[in-house]
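These notes concern the structure reproduced below.
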Amino acid sequence: MAAQDGQCPTCGNSITIPIQDRYGRLIDPKTRQIIKQDPHPVHAYAAAGDRAPAILRQNDGKQIIRCTRCSAASPITANNCKACGMPFTMEGTTLEAAGTSNGFAVAGLVLGIVGVPACWCFVPSVLAIVFGGIGYSQISQSGTEGGGKGMAIAGIVFGAIGVLVGAYWHFA
């Protein structure tokens, strides 16, 4: 539907569907200028056709976005699907906005991996357990699936292995 006139499914205004260039940028078909992205997801997928997340109105009048990947419902202001992380806006394509990694989980995993071969020094392994636990706790409290939970668990496991190997190495 790119470059065609249409109607916004949310507000009802007449719009011209932008063209998407080979770099993923939206181009105004009339002026051939790059369109500065609106951070609000309502218009972000106008050029995507059937791949666009559906914007639905609930019985209470509140709007939500239905993800085409996992069918989960997210708030209308979301840049990403709250369940699977699929981006709804250009801003949602950044790693920070996607929420795909937690700093503590990443730190726990890295320290856990370092702590196993460096088992003679307990510090990385202990920190892996601590940071992995903090990351896991933060991810669990946020209520989103994924988000680095596996990294946090792996950091805790590697940290525990590093502590056990180090203890055996020191005291055996």
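Here, each number is a calculation from the coordinates, and none is a lab measurement. The model shown is predicted, which means the values in this text are computed figures rather than measured ones. Cβ atoms come from the backbone with ideal geometry, glycine included; neighbour counts cover every protein chain shown.
Between Ile19 and Gln58, the FRET efficiency estimated from the beta carbon spacing at R0 = 45 angstrom works out to 0.85. Distances between placed amide hydrogens fall under 5 Å for Asn80 paired with Phe88, all partners being 5 or more residues away or on another chain.
Can you tell me how much longer the chain between Ile161 and Ser137 gets when fully stretched, taken as 0.36 nm per residue apart minus their C-alpha distance, in nm with one decimal? Walk me through the numbers before you get to the answer.
Working: separation 24, 0.36 × 24 = 8.64 nm, distance 2.05 nm.
Gain on stretching Ile161 to Ser137: 6.6 nm.
For a quick check: sort Leu109, Leu164 by the number of other beta carbons within 10 angstrom, fewest at the front. Could you put the intermediate results ahead of the total?
On the way: Leu109 26, Leu164 13.
Result, fewest neighbours first: Leu164, Leu109.
How long is the gain from Val123 to Ile76 if the chain were fully straight, where each residue apart is worth 0.36 nm and the alpha carbon distance is subtracted?
On the way: separation 47, 0.36 × 47 = 16.92 nm, distance 4.45 nm.
Result: 12.5 nm gained on full extension.
Once backbone amide H atoms are built at 1.01 Å from N, Ile27 has Ile19, Gln20, Asp21, Ile35 as its partners under 5 Å, excluding neighbours fewer than 5 places away on the same chain.
Would you please classify the overall shape of the stretch 103-171 from the alpha carbon gyration tensor, given that a ≥ b ≥ c denote the square roots of the eigenvalues, rounded means a/c under 1.5, and beyond that prolate means a/b larger than b/c while oblate covers the rest?
On the way: a/c = 3.05, a/b = 2.87, b/c = 1.06.
Judged from the Cα gyration tensor, the stretch 103-171 comes out prolate (a/c at least 1.5, a/b above b/c).
What is the fewest-to-most order of Phe158, Phe171, Phe122 by other Cβ atoms lying within 10 Å of their Cβ?
On the way: Phe158 24, Phe171 6, Phe122 16.
In order of increasing Cβ crowding within 10 Å: Phe171, Phe122, Phe158.
Working ranking of peptides 113-120, 78-85 by packing, defined as the average number of other Cβ atoms within 10 Å per residue, highest first, is 78-85, 113-120.
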